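S.K.: Below are the structure tokens for one structure; questions will follow.
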Amino acid sequence: MADLSELPPEPRRGFLPIHTNGFDRVFIAVVLFVAIHLFWMRFLEASVPLSVGTVLSVIVGAVVIARG
Amino acid sequence: MRSSTVGWLFLAPTLVILFIFGVLPFLYVLVIGFTQWNSFAADPTMQYNGVENFRRLMFDDQFLYSLWLTLKFGFFAVASQILLGYLLAQLFMRDFPGKGFFRTVHTLPLVIAPIAVGATWRLLLVPGLGPVPYYLNQWFGYELNISRYIDQAFVATVVMDIWHWTPLVTLTLLAALASLPKEPFEQAQIDGANRFQIFWHVTLPLLKPAILATVFIRLMDALRTVDEVWMLTGGGPGAATRYIGLHIWRVVFPKTDYGYGAAMSLITLYLTIVMCWLLYAGLVARRDLKRAE
């Protein structure tokens with residue numbers, strides 16, 4: 001009989017429109033982290049410092065990992 | 001010995017090779033992407049400069065134009081290859097005289113090195129020397145000059161890529177078509193479905209995983225095309241066919257701006273992964289979710 005602890009984590013449904021496991025949510029958080037930074041540098045950095053974008057992307061990433 | 005230990009032992013050679021040839025170079029490029037490193041600069045040593053390379057990228061019109069061109073090239077090349085590849089795969093599912101010969105000839109472009117493909121197409125298309133511009137002009141009065149007209153140069157690179165890689169799509173889809181079960185098709189025919197309905201509701205859904213895998217492979221390849229285009233147009237005329245791989249090459253080698261080139265490579269990798277993931281999420285994961293609901 002298979003050891004239950006060795007089974008992959010069950011995909012779950014959060015606010016994202018697909019089933020995700022932990023790896024998916026970390027991946028999406030990293031993708032959003034990079035995207036927010038690039039967008040910020042291109043359009044917002046002249047008026048708002050990049051560190052604000054970093055804080056925002058960390059918050060977004062944490063929400064995605066916890067509730068996505 | 002526990003089964004998981006045996007499993008890890010079997011995996012170990014692959015993981016070691018992957019780490020040495022995949023992960024380590026990626027980490028190296030990642031580090032270089034955050035540095036100012038130009039061997040011909042006043043200070044040729046590697047200097048950490050934070051996100052400056054990425055900030056520069058976001059305002060670099062040449063880079064953004066190359067990126068746009070590459071996406072355009074990838075879209076037209078891959079879409080055409082999938083369509084043509086599917087039609088050819090359907091053709092090869094039927095019997096006709098000379099099928100074996102035609103299939104062999106059709107597969108030949110796959111075994112030719114990209115640099116040789118580029119050279120061959122250049123000899124065919126170069127103005128003043130190639131037979132294609134000559135006969136197009138003689139027979140139709142059409143002026144084909146890929147060194148002069150940017151649209152023609154772009155179309156030439158797309159057509160060359162289609163010629164080179166459609167056989168791969170055909171072979172993949174042919175294997176997928178040959179392995180499809182017969183029962184759903186017989187059931188659809190009994191239910192009175194016409195050919196289009198069978199294609200849309202039976203063939204296409206069953207082929208979707210194979211089509212998606214082929215799109216991933218071809219999209220990743222198309223986004224990193226360098227050698228064929230370099231031979232055919234050299235990125236010109238002007239920057240009309242300077243796709244992102246060529247642009248990165250120009251920055252890294254002739255200009256020796258390693259840090260900036262590494263940052264470009266990272267952004268290209270990022271976009272490739274994101275595009276493939278979005279395709280997967282949009283076409284597969286959402287469908288699975290709907291089915292589960």
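The values are calculated or read from the model by the stated rules, or taken from the named source; none is laboratory data. Given the structure is predicted, the values throughout are model-derived calculations rather than measurements. FYI the Cβ positions are ideal-geometry reconstructions off the backbone, even for glycines, and counts take in every protein chain you see.
S.K.: For region B:186-241, list the helices (runs of 4 or more DSSP H) that sit wholly inside it and hold at least 2 residues that are closer than 22 Å to B:ALA79 by Cβ and assigned by TED's automatic domain parsing to the domain that holds B:GLY282; which are they?
M.R.: Once the helices (runs of 4 or more DSSP H) in region B:186-241 are filtered for at least 2 residues that are closer than 22 Å to B:ALA79 by Cβ and assigned by TED's automatic domain parsing to the domain that holds B:GLY282, what remains is B:204-223, B:227-232.
S.K.: Looking only at region B:89-118, count every residue that is assigned to a helix (DSSP H, G or I) and more than 18 Å from B:HIS164 (Cβ to Cβ) and tell me the total.
M.R.: 6
S.K.: Is it fair to say B:LEU283 is crowded, with 18+ Cβ neighbours inside 10 Å, touching a helix residue (DSSP H, G or I) at 6+ places or on another chain (Cβ under 7 Å) and among the hydrophobic types (A, V, I, L, M, F, W, C)?
M.R.: No, not satisfied.
S.K.: Say we look at region B:89-102 and pick out the residues that are touching a residue at least 40 places away in the same chain (Cβ under 8 Å) and aliphatic (A, V, I, L, M); which of these is nearest to the other protein chains (Cβ to nearest Cβ)?
M.R.: Once the filter is applied, the top-ranked residue is B:ALA89.
S.K.: Among (1) touching a Lys or Arg at 6+ places or on another chain (Cβ under 9 Å); (2) over 28 Å from B:LYS208 (Cβ atoms), there is one condition B:PHE92 misses while meeting the rest; what is its number?
M.R.: Going through (1) touching a Lys or Arg at 6+ places or on another chain (Cβ under 9 Å); (2) over 28 Å from B:LYS208 (Cβ atoms) one by one, B:PHE92 breaks only (2).
S.K.: For region A:18-58, name all the residues that are of a type in the set (A, V, I, L, M, F, W, C) and under 9 Å from the mean Cα position of the chain (by Cα).
M.R.: Across region A:18-58, the qualifying residues are A:VAL26, A:PHE27, A:ILE28, A:ALA29, A:VAL30, A:VAL31, A:LEU32, A:PHE33, A:VAL58.
S.K.: Assess whether B:THR104 counts as being among the hydroxyl-bearing types (Ser, Thr, Tyr) and assigned by TED's automatic domain parsing to the domain that holds B:THR70.
M.R.: So B:THR104 fits the description; yes.
S.K.: Continuing with this model, one more query. Checking A:SER5 against (1) at pLDDT 90 or above; (2) more than 10 Å from chain B (Cβ to nearest Cβ), which single condition isn't satisfied?
M.R.: So the condition that A:SER5 fails would be (1).
S.K.: Could you list all residues from region B:110-124 that are free of Cβ contacts under 8 Å to residues at least 12 places away in the same chain and β-branched (Val, Ile, Thr)?
M.R.: Selection gives B:VAL111, B:THR120.
S.K.: Do any helices (runs of 4 or more DSSP H) entirely within region B:1-88 hold 2 or more residues that are within 14 Å of chain A (Cβ to nearest Cβ) and farther than 16 Å from B:VAL252 by Cα, and if so, which?
M.R.: B:3-18, B:52-58
S.K.: Moving on. So, in region B:132-151, exactly how many residues are surrounded by fewer than 20 Cβ atoms within 10 Å (Cβ to Cβ) and part of a helix (DSSP H, G or I)?
M.R.: Going through region B:132-151 one residue at a time, the tally reaches 10.
S.K.: Would you mind telling me which numbered condition in (1) under 17 Å from the mean Cα position of the chain (by Cα); (2) closer than 22 Å to B:ILE244 by Cβ; (3) touching a residue at least 12 places away in the same chain (Cβ under 8 Å) B:ILE146 fails?
M.R.: (1)
Residues checked against (1) modelled with pLDDT under 95; (2) polar (S, T, N, Q); (3) under 20 Å from the mean Cα position of the chain (by Cα); (4) more than 16 Å from B:ALA156 (Cβ to Cβ):
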residue	(1), (2), (3), (4)
B:ARG56	yes, no, no, yes
B:PHE59	yes, no, no, yes
B:PHE63	yes, no, yes, yes
B:PRO97	yes, no, no, yes
B:ARG103	yes, no, no, yes
B:PRO109	yes, no, yes, no
B:PRO114	yes, no, yes, no
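S.K.: Identify all residues within region A:19-38 that are free of Cβ contacts under 8 Å to residues at least 12 places away in the same chain, more than 7 Å from every other protein chain (Cβ to nearest Cβ) and under 11 Å from A:SER57 (Cα atoms); write none if there are none.
M.R.: The one that is free of Cβ contacts under 8 Å to residues at least 12 places away in the same chain, more than 7 Å from every other protein chain (Cβ to nearest Cβ) and under 11 Å from A:SER57 (Cα atoms): A:ALA35.
S.K.: Of a type in the set (A, V, I, L, M, F, W, C), within 18 Å of the chain's Cα centre (by Cα) and modelled with pLDDT under 90: which single residue out of B:LEU279, B:LEU271, B:LEU232, B:LEU246 fits that description?
M.R.: On inspection, the qualifying residue turns out to be B:LEU279.
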